[in-house]
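Colleague: Below you will find the structure I want to go over with you.
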Amino acid sequence: MAKISSKATKAAIASVPAEPVQGTTPTGNAKGGPNSLLAIQNSAFNDARKDIFTQVGTSSYSMGEEAIQALPQGTETPVSKALLQAPGVSQDSAASGQLHVRNDHANLQYRINGILLPDGVSGFSDVLETSFISNLSLVTGALPAEYGLHTTGLVDITSKQGAQEPGGTISSYGGSRGTFTQTLEYGGSSGPVDYFFTGRYLMNDEGIENPTSRWDAIHDHTDQEKGFAYVSAMLDDSTRLSWISGVSVQNFQIPNTPGLSTDTGFQGTGGLPSYFNSALVNENQFEQNYYDVIALQRKIENGDYQIAYFSRY
């Protein structure tokens, strides 16, 4: 496998801040440029959001950005493959199997920035993308009712934020079986607004799974396009409005097995036995997933609350 990447970062982050004069109070620019104050505010809201959900009876395994980067494929690693690093997690098959936590069948719940995706995530491949993840946690145990009906485990994702990681990255990655992927990331901030966007295109010749003993599968190509956007705005010191949007468009060829016999009860023209080369079957599956979330988080005197509206197609 090979990967080529380039990164552009805002000059303000590269500058070295001056030491504050004795007797003065450092401003938001004293650490890390003009985005530092917004980054601190976002971090405080993120910490408060963690306390909204009950933690009693659960245990979690977490991976930060450094741990994900340390994986053999880095940020090109699919979410399902990254979750295999957690204890008690297994997968149906090497290419496209569903995850099993503690030998249970699928039934995972997903949460992004404290917002549950009501219908979960399912498909021939991962709907969510690793490149936008700042922290990935798998929560298991006796999950309370507030986590919904998918109680095998909770995949808790915290997305990257532009105020903390301003700048952009373009990377290309490729390898065997016709694998090629192109990824674009960009994030930043403007006043009280924080934003982060990422998009990825992936193609390879083993999209589902090779049903034969051949090196190259027959009719198993896939093309996948995925995108993610996160925008948040500080309305005041106690209120944050967030918008999350994601898209996944994937096309899979259904792999063929040569030499299969046709239906013995079917006759061809003139009553003769029917024959069709099973290696030439042209079945495909096309999957689309779109989701949008608007959330309002507010600090009050005795606690915090978050209200979210979710739409998925």
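Colleague: What does the C-alpha gyration tensor say about the overall shape of the range 98-193? Classify as rounded when a/c is under 1.5, otherwise prolate if a/b is larger than b/c, or oblate.
Modeller: The shape class here is oblate.
Colleague: In whole angstrom, how far apart do the alpha carbon centroids of the range 190-246 and the range 122-171 sit?
Modeller: 11
Colleague: Sort 285-291, 215-221 by packing, meaning the average of other beta carbons within 10 Å per residue, with the highest value first.
Modeller: 215-221, 285-291
Colleague: If you don't mind, another one. Looking at the square roots a ≥ b ≥ c of the eigenvalues of the Cα gyration tensor of the range 133-245, which shape do they give, rounded for a/c under 1.5, prolate if a/b is larger than b/c, or oblate?
Modeller: Oblate shape, in that a/c is at least 1.5 and b/c is the bigger or equal ratio.
Colleague: If the viscosity is 0.890 mPa s and the temperature 25 °C, what translational diffusion coefficient in µm²/s does Stokes-Einstein give for the range 141-204 when Rh comes from Kirkwood over Cα pairs?
Modeller: It diffuses with D of about 164 µm²/s by this estimate.
Colleague: Applying a 10 Å radius around every beta-carbon, put 152-165, 193-206 in order of their mean neighbour count, most first.
Modeller: Taking the mean over residues of other Cβ atoms within 10 Å, the ranking is 152-165, 193-206.
Where a number appears in this text, it was derived from the coordinates with a stated rule and is not lab data. This structure is a prediction, so every number in the text was calculated from the model and none was measured. Here Cβ is always computed from backbone atoms with ideal geometry, including for glycine, and neighbour counts include all displayed protein chains.
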